[in-house]
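Report on the following structure.
The values are calculated or read from the model by the stated rules, or taken from the named source; none is laboratory data. Owing to the predicted nature of the structure, the values given are computational and were not obtained by experimental measurement. Cβ placement follows ideal geometry from the backbone for every residue including glycine, while neighbour counts extend to all protein chains displayed. Quick note on the areas: whole protein, heavy atoms, side chains included, nothing else; ligands and nucleic acids left out. Shrake-Rupley method; radii C 1.70, N 1.55, O 1.52, S 1.80 Å.
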Amino acid sequence: MHAFTRFRSWKWGAVLAVILASRSVPGVTIDHANGSAATNAALSIMAKVGQLRWFFTHASVGGNIITGMNVLHGTDTNRYRLTIYNYDGDNSDGAYHGGVETAGSEGDVDYRAAAGPARTTNGVIHECMRGNPDWSNKLVCFSNSVAVSGWRFPKVNVVMDKFCWIDPYADPTNYCALISALESQYPETLFIYLTMPLSGLNFDENDERNSFNRYVRSFCSANSKHLLDVADLEAWNLAGVQQTYLSGGVTNQKMSFDYSLDTGGDWHLNATGRRRMALGWYSLAAALFTADRDGDGITDGDELLAGTRPASSNSALQIQISPSSFASSNVVFTWTSSSGRYYSVQRATGLVADVNWSNRLADRLGANSYTDTVDAVAQGFYRLSVRQ
């Protein structure tokens, strides 16, 4: 599959230059308003979603979401293409999975997801059930997983970490600062922000959860980050009514019992809740292939597949042509290649709706150039594509 295609076309001696104006646009937020958008997304976009490689650290509610992803995949493998690495086959209420094992000691500075497997494949979620140490050690585990165990580009494209409802006192400034720092350190990797799951009560530390979530939403809005708003998805019931309560004059959200296993203290997700979160995950993934935060004309999702930086307008797959006059019978195409990517050059004699591109003239891992012999009086069109 083509991650994306950029054209250069000409009659020999004239090059059509494409100039893209850079503009910053907001990040994607998936909440109750668009959490089911994946059900109507074009299959061509869903096919691209099926090429992404994911990493996810979590505890029990995260395990519920993974169950939901597996069940949803089984309902329509053409639309919902993501599979779970080393899935245990258990789709029951209390299954929390963990295909990627942990390393180091839980609660200690070396805690992390293990580095294995050594190789990853397209369309697979690699999830680590890291349990419930203190919230600060959960961030240590995630950071170590990315920086030490290598769960980042080029091993995976998208990574995320989720707090659980038992983490009401987690510091949102620490969470956002850590994720933001990792983004800066590993710009080819996409980091997804998540809100904290809720309880279904007017107390039970829900005030603190709501405070955390308001901060994360504000941070993502102000800084063009991509957000999977787990809490908002939980708070709107099946009838489309938001579940709220007042505390100190502030309206807070609480979990709808439509998505909870019970109404008395176990705020894990039932089958309906698991499906809702899985659809939210897919809706976010699909939205990556329409979002273009850096305004360079290439969507964030396509940049991930190409191995370029989705938040930098200076990083995109571009082809250079030499000599520009085509006085020579040889034309050299060059581009900047990225790790773990296959590059192809194809040629056509004209651009029509059903253009027939010739067989790949170059199709190599890490290729960054191709030389072609041309007819000085002919017209030709070339396409450079990339896949992981």
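Among the protein heavy atoms of the chain, carbon and sulfur supply 49% of the accessible surface, probe 1.4 Å, non-protein parts ignored. Histogrammed with a bin width of 5 Å, the alpha carbon distances of region 208-250 distribute as 5, 18, 25, 24, 18, 9, 1 percent, first bin at zero.
Working from the Cα coordinates of region 145-202, the gyration tensor eigenvalues give, after taking √(5λ), semi-axes of 26, 12, 9 Å in decreasing order.
Which angle between 0 and 90 degrees, to the nearest 10, do you get for helix 135-147 versus the longest principal axis of the chain when only C-alpha atoms count? Result, in degrees: 20. If I model region 137-257 as equal point scatterers sitting on the Cα atoms and use the Debye formula, what is log10 I(q)/I(0) at q = 0.12, 0.16 Å⁻¹? Results for region 137-257 at q = 0.12, 0.16 Å⁻¹ read -0.47, -0.77. Convex hull volume per residue, computed on the Cα atoms of region 33-107, equals 121 Å³.
Helix 172-185 and the longest principal axis of the C-alpha atoms of the chain enclose an angle of approximately 20°. In the frame of its principal axes, the chain has Cα extents of 78, 43, 37 Å, reported largest first. Modelled this way, with points 7 Å down the Cα-to-C-beta line, the labels at V332 and Q185 are 3.8 nm from one another. Pairs of Lys residues in the chain are counted when their Cα atoms are under 28 angstrom apart and they lie 8 or more places apart or on different chains; the count is 11. Every Cα-Cα pair in region 72-153 was counted, and those over 22 Å apart are 32% of them.
Between N202 and V148, the simple label model (points 7 Å from Cα in the Cβ direction) yields a spacing of 4.5 nm. When nucleic acids and ligands are ignored and a 1.4 Å probe is applied, W281 ends up with an accessible area of around 10 Å². In the chain, the DSSP-assigned H stretches of four residues or longer account for a calculated mean residue ellipticity at 222 nm of -8000 deg cm²/dmol, using -39500 (n - 2.57) per stretch and the full residue count as denominator. Highest mean first, the peptides 147-153, 102-108 sorted by other C-beta atoms within 10 Å per residue fall in the order 147-153, 102-108. Computed over protein heavy atoms with a 1.4 angstrom probe, the accessible surface ordering of E208, E101, largest first, is E101, E208. For region 63-124 and region 172-239, what is the centre-to-centre distance using only Cα atoms, to the nearest Å? A separation of 21 Å, based on Cα centres.
Axis of helix 206-223 versus longest Cα principal axis of the chain: the two differ by about 20°, to the nearest ten degrees.
The antiparallel fraction among DSSP beta bridges confined to the chain stands at about 65%.
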